[in-house]
Each structure stands twice: as C-alpha cells, then as structure tokens.
Amino acid sequence: MSVYQDSLRYGERSRMKEWKCVVVGHHDNVGKTIEEWEKAGWRLHSYNTAGMGGAINYTVNHYLLFVKGD
C-alpha cells in the first residue's frame, strides 16, 4: 500500500508536490533567481548545467529544479 493510499484510508487529504524547472542563461542570475523563487514559497531541489555550442560561441545554461508542497 502506498503512503498516499494509507493516508486516504485514515481520512487525511494528501497533496502532491509541485515541480518547476527554470532555465537561467548566465551564472550571474542564478543566485537572484533562487532568491526570487524561495521568497515565493518554492525550495531549490537541484541545480545542473549544460554547455552548448562550439569553441567560439559556447554557452552554458543553468537548470534549477524547484519543489513546493509536502
């Protein structure tokens, strides 16, 4: 039996977590973005980067995964 089914059996209301992935283009904006989302009630779950492009036009995107709820 899952936790969700078990909580329903005892009459509790169970909410699912909300997830949002935010792409930040430049590393200078990462801290500001995290601060804005946390003020809005979200919590940073993970942070990852991925580089794209060639040697001359190389960019790095920063991916922030936020979670909200129990």
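Just so you know, all these numbers are worked out from the coordinates, no wet-lab data involved. Only a predicted model underlies this, so the values are computations on that prediction, with no experimental measurement involved. So basically every Cβ, Gly included, is an ideal-geometry build from the backbone, and we count neighbours across all protein chains shown.
Taking each pair of distinct Cα atoms in segment 15-68 once, what is the resulting Kirkwood hydrodynamic radius in Å?
12.0
Using θ = phi - 60° and the Karplus curve 6.51 cos²θ - 1.76 cosθ + 1.60, what whole-Hz ³J(HN,Hα) does each residue of segment 15-22 get, with Gly and Pro shown as x?
Using θ = phi - 60°, the values come out as 9, 7, 6, 9, 10, 9, 9, 10 Hz.
Where Lys and Arg each count +1 and Asp and Glu each count -1, what net charge lies around residue 41 among other residues with Cβ under 13 Å from its Cβ?
0
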